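Structure, as structure tokens:
The values are calculated or read from the model by the stated rules, or taken from the named source; none is laboratory data. Computed from a predicted model, the values in this text were never measured in an experiment. With ideal geometry, Cβ positions are generated from the backbone for all residues, glycine too; neighbour counts draw on all protein chains shown. These area figures cover heavy atoms from the full protein model, side chains too; ligands, DNA and RNA do not enter into them. Shrake-Rupley method; radii C 1.70, N 1.55, O 1.52, S 1.80 Å.
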Amino acid sequence: MAEPIRVCVTGAAGQIGYSLCYMLGSGAVFGPDQPVILQLLDIPPMMTVLQGVCMEISDCAMPCVREVIPTDDPAVAFKDIDAAFLVGAMPRKEGMERKDLLAANVKIFKVQGQALDQHAKKSVRVLVVGNPANTNALICANFAPSIPRENFSAMTRLDQNRAQAQIAQKLSIPVKDVHNVIIWGNHSGTQFPDVKHAMAKINGTDTPVYDAIKDDAFLKGDFITTVQKRGGAVIAARKLSSAMSAAKAACDHMKSIHIVKSRFVNMDLYLEGEYHSFSGLLYPASKSTSHIIFRKWTIVQGLPIDDFAREKMDATAKELCEERDDANEVC
Ligand code: NAD
């Protein structure tokens, strides 16, 4: 077996962390031959719960898990890490304004950015899941100037997976036969799930999704709102927010960084200017490796953007700019 890599999960005592730890330990992300040292961070009042999670990881008897380090100290959690899943965030409390939630969370990500800067490997790949994920990722990167900016990204993969699944269901095809779905912008109600460039395999042939579905009103209406509102629909049914699917998406996201596929992968990167949006639309380059595991990315260039898409992209970009300005004010 290879040398172990160090992987940090923050908010590890929470519901996404619970699923994520299992997936990481099972080899589903870094492969069955890659041992991992799990460095699990949560806040002091959650240490007993975190101990319980550690007991369960032990009881899973997973060959990939070399060591588990539970802690409430970011300096310990981020020490020499190769990958970070920043899931931990303050939940919205009753009566809390969106702005107050944003302020509380960007402060957490400021501190964690500083701790990453000091303690993590410079090659660390950081995935921000905790909401507002896009803005938290920006703040985290801003406060970790010694780590390359492109190593930070925010999770849009859950929205991508939701959109792919909706299209697959509509066409009654396996989800693996739908690709190049795009999620533009913020992980919020303004996000724009876009299948203008997406393909579906129909009878063995890659076909544009618009041609396969032949229902523009659906693709520009119900499809978009279903994906935008899916998180709320899960909460309404489960009385808890998405956790299994969020953990799976986080794993897919990190896996996409080290497994090469010539397909679009959505992860928000804050690249101002690209398609006049803050959304990073990426696919992995097939050659250059900067690290034993992780690969570099290039941004898909030259996609034609029509007026319908432009309007939606501008709306979500505007929201991201407002969030960014509010966050900078707090910091
Ligand atoms: P949860 O409340 O079950 O768990 C969050 C955990 O984070 C808790 O254990 C809490 O103690 C911990 N935490 C809080 N502050 C922390 C800090 N400063 N350092 C370390 N840990 C801290 O929530 P969850 O369901 O696991 O969701 C976690 C976050 O992920 C939320 O912000 C949620 O909105 C977000 N989320 C994002 C996506 C996405 O697609 N980007 C999808 C689902 C959920």
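The table that follows gives values for the structure above.
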| item | result |
| --- | --- |
| Within the range 2-17, tally of residues that are within 9 Å of the ligand (Cβ to nearest atom) and either in contact with an Asp or Glu (Cβ under 8 Å, 6 or more places away or on another chain) or part of a loop (DSSP other than H, G, I, E, B) (or both) | 6 |
| Filter pass, Ser277 being at pLDDT below 50, surrounded by 15 or more Cβ atoms within 10 Å (Cβ to Cβ) and in contact with a strand residue (DSSP E or B) (Cβ under 7 Å, 6 or more places away or on another chain) | yes |
| Selection status of Ala115, open to solvent by less than 30 Å² (accessible area, probe 1.4 Å) and within 16 Å of the ligand (Cβ to nearest atom) | yes |
| The range 241-256 - residue that is more than 10 Å from the ligand (Cβ to nearest atom) and more than 13 Å from Gly31 (Cα to Cα) and, of those, least open to solvent (accessible area, probe 1.4 Å) | Lys248 |
| Condition broken by Gln118, with the remaining ones in (1) at pLDDT 95 or above; (2) among the polar types (S, T, N, Q); (3) more than 22 Å from Gly11 (Cα to Cα) satisfied | (3) |
| Test result for Glu97, open to solvent by 60 Å² or more (accessible area, probe 1.4 Å), more than 22 Å from the chain's Cα centre (by Cα) and closer than 30 Å to Cys321 by Cβ | yes |
| Residue list for the range 25-79, filter: outside any strand (DSSP E or B), within 16 Å of the ligand (Cβ to nearest atom) and β-branched (Val, Ile, Thr) | Ile43, Thr48, Val49, Val53, Ile57, Val76 |
| The range 285-331, residues that are in a loop (DSSP other than H, G, I, E, B), modelled with pLDDT under 85, within 25 Å of Phe109 (Cβ to Cβ) and touching a helix residue (DSSP H, G or I) at 6+ places or on another chain (Cβ under 9 Å) | His291, Ile293, Phe294 |
| Boolean, Glu272 is over 20 Å from Ala165 (Cβ atoms), modelled with pLDDT under 85, surrounded by fewer than 20 Cβ atoms within 10 Å (Cβ to Cβ) and not β-branched (Val, Ile, Thr) | yes |
